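Participant: I am attaching a structure below and will ask some questions about it afterwards.
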2 protein chains.
Amino acid sequence: MENLSTKELINGIKSGNKRLIGKAITLVESKKPEHRTQAEELLKEIMPLTGKSIRIGITGVPGAGKSTFIENFGKLLISKGKKVAVLAIDPSSSLNKGSILGDKTRMEELSKEENAFIRPSPTSGFLGGVANTTFETMMICEAAGYDSILIETVGVGQSEVLVSDITDVFLFLKIIGGGDELQGIKRGIMEMVDVIFINKVEEENTIKAKNTKVELLRALHFLPSKEKNWKVPVLLGSALKNIGLEEVYLKVEEFISLKLKNNTFEKVRQSQAEKRFDYWVQEYIIQKTKEEKSVESFYELHKKNASELKSNPSSEAKIFVEKLLKK
Amino acid sequence: MENLSTKELINGIKSGNKRLIGKAITLVESKKPEHRTQAEELLKEIMPLTGKSIRIGITGVPGAGKSTFIENFGKLLISKGKKVAVLAIDPSSSLNKGSILGDKTRMEELSKEENAFIRPSPTSGFLGGVANTTFETMMICEAAGYDSILIETVGVGQSEVLVSDITDVFLFLKIIGGGDELQGIKRGIMEMVDVIFINKVEEENTIKAKNTKVELLRALHFLPSKEKNWKVPVLLGSALKNIGLEEVYLKVEEFISLKLKNNTFEKVRQSQAEKRFDYWVQEYIIQKTKEEKSVESFYELHKKNASELKSNPSSEAKIFVEKLLKK
């Protein structure tokens with residue numbers, strides 16, 4: 001990586017230079033000790049400039065139309081004077097064009113907008129064990145003046161939890177048909193969602209869509225309310241045809257207003273910051289362990305016991321941690 | 001949880017008592033300090049009894065027919081004299097009947113078999129932040145004499161990495177049509193897979209299936225080989241109609257033989273054990289931090305700085321970790 005000073009990066013961020021914003025993000029994604037030191041310097045400096053955006057999580061199974069939705073919803077936000085940053089939380093998201101059998105370009109129009117910034121997740125991502133730094137990437141985007149952050153995730157597994165842990169409002173894109181299993185609607189996801197958008201509704205499937213809506217509302221009825229006085233709305237539309245996106249926008253605004261009124265907006269962000277703290281404690285302990293020579297030798301010893309399959313990994317880990325904290 | 005001694009649990013495991021096997025699994029899933037101590041005792045004791053199974057990972061998007069496949073493939077294994085344990089890595093898997101809109105019973109026949117043991121992942125799972133203990137659950141099943149371990153995951157996101165990190169062979173279930181995006185075929189997944197099974201092949205879609213096979217083989221051709229002298233086979237069949245499962249079985253056997261011959265079987269298991277060690281180091285550090293009073297006070301201090309949104313979480317975490325390791 002080109003050696004840019006923290007000051008240069010911060011000036012780049014403040015002036016909205018997309019190339020330098022990108023460099024700053026690459027920096028906070030890095031695990032190298034020297035990069036971490038600079039990354040923390042940078043994050044500390046920009047901290048007062050962050051927190052002023054609305055953070056919107058978007059989920060849905062592959063095929064739910066997430067990239068089309070983000071393309072047109074992003075353009076709608078821009079038309080309302082917003083600056084939009086689009087981030088992805090996992091390497092299998094539609095932002096990462098890692099598809100083998102096809103190779104469509106995504107969000108082509110949005111990416112050309114002056115007031116849009118699109119950043120896929122690091123492709124070596126979870127696979128290579130890179131730290132999950134979407135939150136810190138978001139901080140940089142906020143410092144650069146982006147006031148609407150869209151964070152995309154694939155609608156299965158752990159990634160929703162990650163998104164839900166760093167956003168203010170969580171949007172669920174659903175398509176009709178295929179049964180609930182194919183849609184990956186699980187109790188966990190439904191409980192995290194604030195607004196549901198049934199996408200790809202056309203004239204010929206309107207009745208089906210309305211039935212799906214009724215079913216969803218019935219299911220939601222049995223779930224505990226996440227936010228006081230909020231009933232999760234189920235909206236119908238077509239992202240491709242720009243139908244229903246204005247309604248989504250209004251519901252998002254309404255939800256944020258309610259959170260501000262309920263005093264939960266700030267509270268949730270605080271508990272999110274605590275979770276990030278815990279995440280980084282883990283991350284830094286592992287990084288430090290690998291750096292310090294004295295620790296490294298008994299780390300290697302216990303790891304070897306595990307790798308030679310003589311002892312089970314968790315017991316060896318427990319012994320190592322007990323030694324580490326007694327040192 | 002009922003208070004059973006480690007000895008009682010181990011005897012239960014050795015005698016194949018399914019109720020006690022279940023209790024032992026619940027024990028290793030727990031994060032409570034007193035449970036952890038007993039869990040490590042138990043894992044240490046059973047360690048010599050573990051490692052003698054074939055560990056098979058199975059992935060595919062929701063709707064690919066994973067539960068039907070496991071049901072009939074499991075029965076095939078039993079008919080060959082094997083004892084089969086079925087585990088799930090994530091709460092959205094088909095093993096967890098957490099579906100809201102439907103409530104089908106899964107693997108009904110397999111679950112009635114004397115030589116089968118089915119264990120869904122803890123439902124509070126990733127959502128509740130429970131440790132990922134599928135590896136340790138597998139150890140218990142092996143100690144109980146299960147020699148074929150099937151580990152199911154949903155085909156998107158991080159969970160494949162988790163499965164790939166604890167199994168000997170990785171099976172990918174695919175269905176025809178829907179485009180590659182809907183199937184979640186991403187470079188990362190393709191590079192982890194050892195055997196591909198195109199499921200739900202019927203007379204009327206045989207041509208489509210064969211085309212998909214050609215496309216897959218073409219895509220695989222461009223990927224680096226994971227195992228020396230192994231070309232990932234693409235098999236066609238129908239799990240529901242018991243077509244093609246014998247071929248899957250033979251390919252799995254062939255792959256394991258090759259790994260033994262290449263000397264990679266043991267090597268991979270060793271590096272997997274190292275990864276588990278690292279995982280548990282993180283897990284135990286967090287647990288210990290929350291236990292010890294002296295550490296807890298400055299942990300709380302820095303966490304508060306983060307939660308009050310005065311300072312960014314990662315910088316506070318870095319300061320805390322540096323203090324912790326200097327103590």
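The values are calculated or read from the model by the stated rules, or taken from the named source; none is laboratory data. What you are looking at is a predicted structure, and each value in this text was computed from that prediction instead of being measured. A quick note on method: Cβ atoms are made from the backbone with ideal geometry, for glycine too, and the neighbour counts reach across all protein chains shown. Heavy atoms of the whole protein, side chains included, go into the accessibility calculation; ligands, DNA and RNA do not. Shrake-Rupley method; radii C 1.70, N 1.55, O 1.52, S 1.80 Å.
Participant: Using a 1.4 Å probe on the protein heavy atoms, what percent of the accessible area of the protein assembly as shown belongs to carbon and sulfur?
Facilitator: Answer for the protein assembly as shown: carbon and sulfur cover 52 percent of the accessible area.
Participant: Now for a separate question. Rounded to the nearest 100 Å², what's the accessible area chains A and B bury against each other, both chains counted, probe 1.4 Å?
Facilitator: 7700 Å²
Participant: Using only alpha carbon pairs under 8 Å that are at least six residues apart, calculate the relative contact order of segment A:276-326 and give it in whole percent.
Facilitator: Relative contact order, segment A:276-326: 24 percent.
Participant: With Kirkwood's inverse mean 1/r over C-alpha pairs for Rh, give me the Rg to Rh ratio of segment B:1-76, two decimals please.
Facilitator: A ratio of 1.08.
Participant: Follow-up. Pairs of Cα atoms under 8 Å, at least six residues apart: use those to get the relative contact order of segment A:1-49, whole percent.
Facilitator: 33 percent
Participant: Which of these, A:83, A:231, A:304, has the largest mean-square fluctuation under a Gaussian network model of chain A (Cα springs below 10 Å)?
Facilitator: A:304
Participant: Among A:300, A:34, A:136, which one shows the biggest mean-square fluctuation in a GNM of chain A, springs joining Cα atoms closer than 10 Å?
Facilitator: A:300
Participant: Continuing with this model, one more query. What does the charge count near residue A:31 come to, summing +1 for each Lys or Arg and -1 for each Asp or Glu among other residues with Cβ under 15 Å from its Cβ?
Facilitator: -2
Participant: Under 10 Å, Cα contacts only: if you run a Gaussian network model on chain A, which one of A:313, A:33, A:120 comes out with the highest mean-square fluctuation?
Facilitator: It is A:313.
Participant: Also, quick follow-up: Label-to-label distances across copies for residue A:310, with labels 7 Å out along Cα→Cβ, in nm, shortest first?
Facilitator: Its label point is 5.0 nm from the equivalent points in the other copies.
Participant: Something else now. Kirkwood hydrodynamic radius for chain B: how many Å is it when counted over pairs of different Cα atoms?
Facilitator: Here the Kirkwood hydrodynamic radius works out to 21.5 Å.
Participant: Could I ask something else about it? What residues have an amide H closer than 5 Å to that of residue A:198, excluding those fewer than 5 places away on the same chain, when H is modeled at 1.01 Å from N in the peptide plane?
Facilitator: A:174, A:235, A:236, A:237
Participant: Along Cα→Cβ at 7 Å, what distances in nm separate the residue A:241 label point from those on the other copies, shortest first?
Facilitator: 3.8
Participant: Using only the alpha-carbon atoms of the protein assembly as shown, report the extent along each of the three principal axes, biggest first, to the nearest angstrom.
Facilitator: That gives 68, 67, 48 Å along the principal axes, largest extent first.
Participant: Expressed as a whole number of Å, what is the distance separating the alpha-carbon centroids of segment A:48-79 and segment B:43-81?
Facilitator: 40 Å
Participant: Distances from residue B:17 to the same residue in each other copy, label points 7 Å out along Cα→Cβ, in nm, shortest first?
Facilitator: Ordered by distance, the counterparts are at 7.1 nm.
Participant: Relative contact order of chain B, please, whole-number percent, based on alpha carbon pairs below 8 angstrom and at least 6 residues apart.
Facilitator: 18 percent.
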